[in-house]
1. Using the Kirkwood radius over C-alpha pairs as Rh, can you work out the diffusion coefficient of segment 1-58 via Stokes-Einstein at 4 °C, viscosity 1.567 mPa s, in µm² per second?
2. How high is the relative contact order of segment 541-608, given as a whole-number percent (alpha carbon pairs under 8 Å, six or more residues apart)?
3. Could you tell me the relative contact order of the chain? Use alpha-carbon pairs under 8 Å, at least six residues apart, and round to a whole percent.
4. Based on DSSP, what percent of beta bridges with both residues in the chain are antiparallel, to the nearest 5?
5. For Kirkwood radius over Cα pairs in Å, the choices are (1) 28.2; (2) 29.6; (3) 25.6; which was calculated from the structure?
6. Determine the distance separating the Cα centre of segment 610-647 from the Cα centre of segment 90-112; give it in Å without decimals.
7. Taking other Cβ within 10 Å of each residue's Cβ, how do 342, 668 sort, fewest first?
8. Just report the Cα centroid separation between segment 576-599 and segment 412-458, whole Å.
């Protein structure tokens with residue numbers, strides 16, 4: 001039976017339908033907004049996964065090319081591995097639903113979101129979040145709490161719910177918020193240096209929209225949902241728990257006061273190993289249970305230490321930031337580089353400047369093809385955490401962290417008056433908490449070192465939360481273990497003028513707006529402190545770009561002359577590039593970008609292009625080549641495709657008796673343009689060119 005609910009949200013109709021397609025999935029929902037439509041399905045394995053102490057959830061988000069009326073590129077003409085946007089959308093769906101499953105639930109889960117139609121105005125990722133939550137609510141899977149998502153924009157001081165692509169181009173904010181009836185679970189977004197007050201206002205408005213969507217999910221679940229399967233978590237052996245607690249209680253208290261990450265982890269591993277060995281005879285095949293129990297005890301002790309003693313693992317206060325060091329110019333031949341170290345987290349960031357030909361072509365179903373001139377890529381090698389792993393390209397986490405840092409830095413990148421393509425690469429050399437925010441700080445330093453004319457610096461910080469019935473603590477600049485054992489990972493970045501990017505993940509059922517407001521205030525104070533430290537190393541861009549970066553000269557030509565500069569089949573522009581050694585990029589409006597590390601090469605290219613695209617100028621000297629010799633003078637090519645007459649009287653100062661002895665076809669010499677008649681015929685003089693050069 002088909003069930004459908006509709007509601008007008010953000011000025012457009014949002015509809016959710018079930019029972020029409022994908023009926024063998026355990027839960028499915030068709031979600032439509034405008035003419036954008038997605039299908040969300042969820043399936044759970046019949047039996048739990050053996051020896052699994054985590055939630056085996058996988059979320060896949062795929063865009064079908066036909067949804068945007070396109071045929072995929074490439075030889076096979078079909079969709080391949082997921083692109084960056086698809087990976088980011090899958091992460092955005094995964095993160096808010098993951099903490100809502102009951103503890104100990106280990107059935108394999110597959111959430112699939114497929115974009116079936118795109119109207120190029122309404123974004124499908126929000127619909128994917130709504131559809132995934134609805135499919136889970138309709139299914140037997142024991143997820144009692146539903147979530148919903150909205151996107152927020154800010155145009156002319158007014159908040160917009162689910163802005164269109166065209167509205168987002170004018171917006172100062174692009175914010176995705178996912179939440180429950182009472183709390184916020186996930187935040188992901190970017191801003192153009194907005195105040196924390198404006199961002200918090202957007203969160204409050206977003207929650208109103210979330211409540212409207214939740215009403216729709218609850219309504220269709222009441223109509224078509226199936227009973228939830230009872231999930232009974234595996235009971236803990238109390239005798240084993242007591243034994244483990246008695247053996248590890250005191251040692252864990254000491255281990256949790258070891259500030260150095262590797263030493264602490266090695267001590268913890270040794271304690272686990274020793275405990276398993278001591279209990280193996282009485283409790284065989286319980287190593288996983290023992291390890292899990294020790295992890296729970298560690299978590300509770302760390303949290304009590306913060307709440308009761310106001311003390312963190314490394315001895316810091318809740319709002320204290322680790323020691324920071326900054327270096328610039330760390331790599332000798334790159335265009336710009338920096339090493340940003342905060343505690344045991346270290347990022348090496350390099351900046352490379354290129355031309356428009358180096359920009360990235362981006363094509364998707366929801367937008368027209370465009371060129372991307374600023375890129376930030378993030379790498380997380382296994383040695384940064386002392387582990388062994390074979391590099392296999394960037395994973396979902398690396399892509400997500402790179403895009404977060406890119407959003408944070410993008411508002412400070414010059415656009416109109418800086419004709420370079422910029423690529424930043426962050427290689428994490430050490431990691432113990434918030435390497436993505438270290439990337440933001442290192443990127444700002446590297447840009448200044450490269451001489452990119454950014455007007456201000458940007459920095460970032462990661463905030464944590466310990467929420468207990470008897471107290472709450474907000475932690476600045478969290479360690480890796482505080483992220484793992486805490487309740488929140490809230491990353492905030494910005495300049496002194498305002499926020500540029502933020503990302504919130506909740507490890508519990510949600511976070512109240514009051515707690516978020518306090519965390520935001522503490523985060524702003526934290527990243528401003530980091531900016532102060534960064535300013536001591538470099539506070540403004542270098543006066544000139546790196547000598548190893550290409551010089552770009554911009555000239556303007558008549559758009560009607562573009563074809564002449566390019567030549568048939570690109571013959572002319574290739575010839576200019578070969579003669580000068582420069583790279584040349586011509587835009588449709590007649591803007592020509594000429595790039596080379598050698599300034600002389602740029603000048604040669606400029607002269608050649610101006611010769612082709614320029615109009616003849618009386619009084620200007622040109623290089624010429626003789627094309628035809630007549631009894632009354634020589635016709636020479638002084639501009640590409642443009643010939644003029646050098647009269648016999650203008651060839652030499654002495655009288656010419658035999659012109660064939662003075663000039664022949666193929667000769668090259670300089671001429672001066674001395675006149676243009678009414679028929680647009682040019683008069684040239686070799687004598688005048690020689691006299692001007694002699695006088696100069």
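1. Numbers: Rh = 13.6 Å.
My calculation gives 95 µm²/s for D.
2. Values: 86 pairs, mean separation 27.0, N = 68.
Worked out over segment 541-608, it gives 40 percent.
3. Working: 1452 pairs, mean separation 69.9, N = 696.
Relative CO of the chain lands at 10 percent.
4. Values: 124 of 139 bridges.
About 90 percent, rounded to the nearest 5.
5. So the calculated entry is the one marked (2).
6. Measuring centre to centre over Cα atoms gives 75 Å.
7. Working: 342 26, 668 9.
Least to most surrounded, the residues fall as 668, 342.
8. First find each Cα centre; the distance between them is then 27 Å.
The numbers here are math on the coordinates, done by the rules we state, and not lab data. In this text the structure is predicted, and so the values were computed from the model without any measurement. In this analysis, Cβ positions are derived from the backbone assuming ideal geometry, glycine residues included, and neighbour counts consider all displayed protein chains.
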